[in-house]
Structure formats: C-alpha cells, structure tokens
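Please read the structure below before turning to the comments.
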Amino acid sequence: MFKKRLKTIIAGSKLINRYVHFTYRYLNNINEFKKAKAALRKFIELKGDMLLISDNVSLSYELTLKCNLKCKMCYGLRFREDVFSRDRATYSELGYDRVIKVLKNSNISNVSFVGNEVLLRNDLFLILDYLKNKNVRFSILTNGILINNDTVSKLINFGALLTSIVISLDGTKAIHDRIRNSNNAFEQACRGIKLATPHFNVILNTTIMQENLHDLKGVVDIAHLLGVKNIDFSLEYWCSDEEIVESKKILNREFNWQDPIISVYNKQGTEYSFQELRLRLNELRNYSYNKGIFITISPAQEYLKKYFSREIKPVEGIICKKLLFPNPRVDYKGDFIFCQALRKSWGNLTEKTAKEVWESKEFLDFRWKLYKIGMLPICKRCCKLCTIFCK
C-alpha cells in the first residue's frame, strides 16, 4: 500500500517523475556495472569454475509450451509449432508432482513464470500454493487474456509473494490485435489489466517494432487510463537467416553440437531507421514524463545505436549475463537450458539439482568457451547482454 501511494505522489509531479527516471537509470546502470564487473573478475580468476549461489537463485520457468496467441515477434513461435507438428499427439508437460520436484531441486528465492501462456496451466494455483508454503516470491508474465475476476481473487491470496504481473500490450486496438494475430486480444488484455491493477504491481511490457513505432505514446495513454504506473519497452529481438546459420556453424565447430535448436524470431532486417527510432523514443520519454508514467527502455540509450545496428563486439566489454549469474531457465519438460534461444538441455531438474547442472564440467566448459569466443551472431540484440569495461 505504501508503494502504491508513493507511486501516486511521484506520478502527480512531472519534476519528481523526471528526477526519478534519471536517478533510477543512473543507479541501475551503476549497480549492474558493479555486479557484472565483480562477477566477471571472479569468472576469469576461476576460469569459469563459479559456484551456484545457494540461497539466492532466481528461476525463469516455462511451465508450458502452450499459448492462446501467435504473436508476430514471438521468439518461441517457430519452436513451439515445430514441437507440436512433430509431437502433438504425444506432447506432454510435467505434471504437478514433477514440477514440485523441479522447484525443490532449484533451491530458489524467487521464480519468474515466463514464456508462452502460464495461465493455461490448470494446476497453476496448486503450484503457487507450494511456493507460498515455502515463502518463495514469484512473478507472472502473461498476455492478460485469461485474467478474470476468479483469477484475481485467487492471486490475491498470495499477497506480497506475488511481486508483479507483467502484461504484454503492444499498442492501441488495431495495432495490438494485428501484432497478436487476434481480433479481440486488445479488449481482453485491457480487461485483465483493469481487473489486476487495483490489487497488484502491474507492469506493461511492450516490444518496439515497425508496426507500433508510431503508436508507443498510445500505450502510455492506455496505461494512464487504466491506472498502470510502469511500462517496460524493449527493442524487438530478431535474427537474420545468416546469423542463425553462422551461429549453428559455430556451435557445431566449437562445441560439437549436431543440428542445434535455435529459438528466435527470424527476419531479415528492420523497416525503420535508427534516426526514426531515436526520435520516437525521445518523444516517448517526454510524453511519459508528462503523463506520470514510469518507463524503462531496453537497451539503454547510450548503447542503443550499437544494438540497433548489430555492431556489438565483446571486446567492448559487453558480455552475456547468463555466463555470470546463476539464473537457471527451465523449459516445460524440466530441462535446464542456457537461455530462451539455445534450447539444448544441460540436465533435467527432476533428476538433478540446479547446482549440480551449473557446476557440471560440461556446462562450465561451455560457459568458459563461449566467454572466450565472445558471443554468437544471434546474441547481438539480446536483452541479456550487459556492459562491463574490464576485459
């Protein structure tokens, strides 16, 4: 309640709102820099032999591969369709008991339910009850379509353990529906946002792309209308055919991966210029300040041009966070995967602990070698890159 009142006070003052934006971005960058720099020094010193932080692990969990939308920019859409085309008759995700086994083997302090549509899980609230009994915090990423009065009333029971509900919204009605390949996704998402906002920390999540570049202020207007105070904007993550092919060649040559599975949004380039993007983002910042909406934009402004043009180079001190910090990502089968793009299993967490996988020689060797290589071509626009000038 105190946080909600504080946000209301901040939102009511344009000057305070601007100051908070600047201070947050500055302190967040400094904090990320310090943590990443310290982690990288340790990583280099031990040649990748870093231990899992046993009492502060944040788990990203794809509870299901199912989704009720086919969003244009979804990095998992092709992978999901490939799996269902091969195995729809035999597709199965972990049942409740095995999900609990995964959570027990992860030794977590918080869980982010990500990827696809987690609210499609019929046993979701039983899983959340387990987390509540263990006093584990969690957040939910959703398209908002399945949020109704019953969902809200059940989620209220988890109190402060539910740290945030992140709801995707990519523009006003026509644009959002076109991006989401649906005739009514916008109305359903807005209904969910309206129901959830009075009770939870709701954050809107917007992917910036050609279709909505001229409509970003419309997202701010919707947030203002529905009482949402926070929006995360991020540049679309895509990879060209050439980047995917070259990344597969590197994985085969350096790691002996045979026909590696890469899950990314595939297209050949952006349809807008960097100058246009910068203009629209400057307009967005000023507009959100005046509306009292707190926004974050990823990547950070100072690195935006390099990310946009895919000129990121590891020698510039830019490295993948996943190499340094124990933030396991687990898929619908319970497999520990490196990230959402590289779907190779490093071990199943119904059989092994996250600590055992993280500290296994195979996974340590992979992380160390990937660090020495620098990054794959598919990595150059990923949100998991962080900047540390200490190589």
Cα principal axis extents for the stretch 260-391, largest first, Å: 52, 33, 31
Computed label-point distance, nm, for sites residue 254 and residue 285 using a 7 Å Cα→Cβ extension: 3.4 nm
Hits among aspartates and glutamates - C-alpha to C-alpha of residue 173 under 20 Å, sequence gap 8 or more where chains match: 187, 211, 215, 221, 232, 236
Most to least packed among 233-242, 264-273 [average Cβ atoms within 10 Å]: 233-242, 264-273
Entries in 229/305; 154/322; 70/134 that, when Cα-Cα distance is taken, lie over 31 Å: 154/322; 70/134
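Just so you know, all these numbers are worked out from the coordinates, no wet-lab data involved. The shown structure was predicted, so the numbers you read here are calculated from the model rather than taken from an experiment. Here Cβ is always computed from backbone atoms with ideal geometry, including for glycine, and neighbour counts include all displayed protein chains.
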